[in-house]
Amino acid sequence: MVLEVRKYGDPILREKAKAVALFDNKLARLAADMMETMAAAAGVGLAGNQVGVPLRIFVADTTSFEISGKKFAVINPEIVFRSEEEIVGEEGCLSIPGVYADVKRPKKIKLAGQNLKGEKVELEAEEMIARVFCHETDHLNGVLFIDHLSTLEREMLKGKLAEVRNKAAAL
Ligand code: CO
């Protein structure tokens, strides 16, 4: 089932999501729905609070970044290593449609979390995939990519951001 993607201005995007404790069918269903929602919106990542569920889960689709790419869910993700080397790349967000900006992120990261069965997983990622993991983990802490911009950069996006917020409020 395709879920509604919450837009910039919705307070749930600023909530710190709660840890998942129950690895049941309901969680699997949520992950499947989030995958479907991500695909329908042509996104590469989607976090729980973006679909109105303040739980620490995100889904990612790395097929466009690597030949052996895949779609998967990460539960209770935590970035346990960030390289000192950072790279700048353009980011967008399904919750902030039409807004894109360059964001500096670590080149390499290590992500620890759990899979849908509750088993521990550790994922090493770099470049674009590291970027997606950082962006999605941020979401679960109530952080949006625009928060990483300078005051000046945010100022320049002010009009567009107000547009997204007003459109969402009018729904
Ligand atoms: Co996003």
Those residues that are more than 12 Å from the ligand (Cβ to nearest atom) and free of Cβ contacts under 8 Å to residues at least 60 places away in the same chain, I need them from segment 120-147; list them, please. 120, 121, 122, 123, 124, 125, 126, 130
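In the set 48, 43, 89, 69, which member is touching a Lys or Arg at 6+ places or on another chain (Cβ under 6 Å) and small (Gly, Ala, Ser)?
Sole residue among the options that is touching a Lys or Arg at 6+ places or on another chain (Cβ under 6 Å) and small (Gly, Ala, Ser): 89.
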Just need a number here: residues in segment 49-80 that are modelled with pLDDT under 95 and among the hydrophobic types (A, V, I, L, M, F, W, C). 3
Residue hits (segment 95-128; of a type in the set (Val, Ile, Thr) and buried (at least 21 other Cβ atoms within 10 Å of the Cβ)) are 96, 103, 109
Do we have residue 55 as touching a strand residue (DSSP E or B) at 6+ places or on another chain (Cβ under 8 Å), more than 15 Å from the ligand (Cβ to nearest atom) and either β-branched (Val, Ile, Thr) or under 22 Å from residue 9 (Cα atoms) (or both) here? yes
Consider residue 81 carefully, then state whether it is more than 19 Å from residue 2 (Cα to Cα) and aromatic (Phe, Trp, Tyr). yes
Looking at segment 21-37, which of its residues are touching a Lys or Arg at 6+ places or on another chain (Cβ under 8 Å) and either buried (at least 20 other Cβ atoms within 10 Å of the Cβ) or part of a helix (DSSP H, G or I) (or both)? 35
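Kindly indicate whether residue 90 is within 16 Å of the ligand (Cβ to nearest atom), surrounded by fewer than 18 Cβ atoms within 10 Å (Cβ to Cβ), farther than 21 Å from residue 27 by Cα and not aliphatic (A, V, I, L, M).
Answer is yes for this residue.
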Within segment 43-69, which residues are over 14 Å from the mean Cα position of the chain (by Cα) and under 18 Å from residue 109 (Cα atoms)? 65, 66, 69
Extreme residue, farthest from residue 99 (Cα to Cα), among residues of segment 31-49 that are near the ligand (Cβ under 10 Å from one of its atoms) and aliphatic (A, V, I, L, M): 47
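The values are calculated or read from the model by the stated rules, or taken from the named source; none is laboratory data. Just so you know, these numbers come straight off a predicted model, no measurement behind them. Don't worry about glycine lacking a Cβ; one is built from the backbone with ideal geometry, like all the others, and counts go over all protein chains shown.
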